[in-house]
Amino acid sequence: MDLTFQNRTALVTGAGRGIGKAIAETLAAGGVNVICVSKSEKNCEAVAAGIRDRGGMASARVVDVSDGKAVAEAAAELLAEHETIDILVNNAGITRDGLMLRMKDEDWHDVINTNLSSCFYWIKGVVRPMTRKRWGRVVNISSVVGLMGNPGQLNYCAAKAGMLGLTKSLAKELASRSVTCNAVAPGFIRTDMTSELDEEVSREITSRVPLKRLGEPEDIARMTAYLCSEEAGYITGQVFTVDGGLLM
Ligand code: NAP
């Protein structure tokens with residue numbers, strides 16, 4: 001079954017690379033007009049240009065998602081340009097790993113701001129018109145480690161677990177306006193974020209995954225696109241694990 005999108009506009013954060021790029025490209029292939037947000041101009045511009053070259057609709061916008069003021073300004077400008085942003089995918093994220101006793105305050109705050117506070121900033125910035133239109137989709141890209149915990153990733157796991165509480169609360173607040181809010185919790189996906197793992201760690205992780213491989217960005221993009229589609233209108237407040245069976 002093909003997914004349906006009725007003249008929708010989506011904003012995807014962290015669309016310059018990896019999972020966000022795959023989400024932007026998958027939505028665009030379904031006819032969605034996609035605003036690609038990333039930290040560097042080079043990356044979001046390249047993804048938007050690639051989509052346009054294939055006949056899709058896309059534009060690029062550089063925003064540091066950890067900066068609440070910058071997000072509020074960008075959201076206001078983008079809403080003036082696009083009328084409504086129907087779909088918000090909060091995907092931008094970073095890691096600053098280290099054991100708790102050695103973790104610097106800066107690494108805690110950077111990870112919480114980029115992964116979690118950013119969701120709050122964008123939701124505040126773009127959700128009101130969705131509620132007026134009585135249609136909207138918010139998808140937050142969390143992580144299985146937000147459900148499991150992971151040594152050396154206290155900051156990241158706290159942010160990713162926080163996204164789940166935010167998702168469920170927002171789902172309850174917006175359900176009466178037919179705006180859904182769900183989370184996707186990826187396992188280990190082959191992107192720049194995991195390319196730093198040495199070969200032995202990567203082999204060890206793969207051995208724990210029942211499907212015996214790392215995931216691809218497209219595995220996450222397909223689940224996300226479904227949750228953004230017209231067909232997913234009766235699904236809200238849920239967390240969808242896409243991890244090759246790691247968390248069972
Ligand atoms: P990635 O390849 O490192 O890409 C991260 C993207 O986020 C980039 O486009 C980057 O922008 C953008 N970004 C980072 N900080 C930003 C900021 N302050 N403002 C704006 N954009 C910012 O990451 P990924 O692996 O695709 O991960 C995407 C999401 O999935 C993250 O939230 C991550 O936590 C989550 N996730 C990933 C995995 C995995 O195994 N890869 C597993 C579970 C969850 P630039 O391109 O401009 O640098």
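Select from region 22-44 the residues that are near the ligand (Cβ under 7 Å from one of its atoms) and either part of a strand (DSSP E or B) or open to solvent by 10 Å² or more (accessible area, probe 1.4 Å) (or both) and write down the one among them that is nearest to Ala72 (Cα to Cα). Per the criteria, the residue is Val37.
Show me the helices (runs of 4 or more DSSP H) found entirely inside region 56-141 where at least 1 residues are among the aromatic types (Phe, Trp, Tyr) and out of contact with any His (no Cβ under 6 Å at 6 or more places or on another chain). I'd like the intermediate steps shown before the answer.
Values: elements: 68-82, 105-111, 118-133.
Hits in region 56-141: 105-111, 118-133.
The listed residues are Glu231, Glu196, and the only one of them that is farther than 24 Å from Phe120 by Cβ, open to solvent by 20 Å² or more (accessible area, probe 1.4 Å) and either in contact with a Lys or Arg (Cβ under 7 Å, 6 or more places away or on another chain) or modelled with pLDDT under 95 (or both) turns out to be Glu196.
Scanning region 58-90 for residues that are loosely packed, with under 15 Cβ neighbours inside 10 Å and modelled with pLDDT of 95 or more, which turns out nearest to Tyr121 (Cα to Cα)?
Here is the first cut: in region 58-90, the residues loosely packed, with under 15 Cβ neighbours inside 10 Å are 69-70, 72-73, 76-77, 80-81, 83.
Keeping just the survivors that are modelled with pLDDT of 95 or more gives 69-70, 72-73, 76-77, 80-81.
Numbers: Lys69: 8, Ala70: 9, Ala72: 7, Glu73: 10, Ala76: 12, Glu77: 14, Ala80: 17, Glu81: 19 Å.
By that ranking, first place goes to Ala72.
Screening Ala159, Ala221, Ala171 for residues that are over 25 Å from Ala28 (Cβ atoms), within 11 Å of the ligand (Cβ to nearest atom) and open to solvent by less than 20 Å² (accessible area, probe 1.4 Å) leaves exactly one candidate, Ala159.
Within region 98-120, the presence of at least one residue that is of a type in the set (A, V, I, L, M, F, W, C), without any contact (Cβ under 8 Å) to a residue 12 or more places away in the chain and farther than 23 Å from Ile19 by Cβ is confirmed. The set of residues in region 174-189 that are closer than 16 Å to Thr241 by Cα and either away from the ligand (no atom under 13 Å from the Cβ) or not in a strand (DSSP E or B) (or both) comprises Cys181, Asn182, Gly187, Phe188.
Determine whether region 238-246 contains at least one residue that is part of a helix (DSSP H, G or I) and not small (Gly, Ala, Ser). Explain how you work it out, then say what you get.
Pass one, region 238-246, residues part of a helix (DSSP H, G or I): none.
Scanning region 238-246 turns up no residue that is part of a helix (DSSP H, G or I) and not small (Gly, Ala, Ser).
The values are calculated or read from the model by the stated rules, or taken from the named source; none is laboratory data. All figures in this text were calculated on a predicted structure; none of them were measured in a lab. All Cβ positions, even for glycine, are placed from backbone atoms using ideal geometry, and neighbour counts span all protein chains on display. The area values use the complete protein model at the heavy-atom level, side chains included, leaving out ligands, DNA and RNA. Shrake-Rupley method; radii C 1.70, N 1.55, O 1.52, S 1.80 Å.
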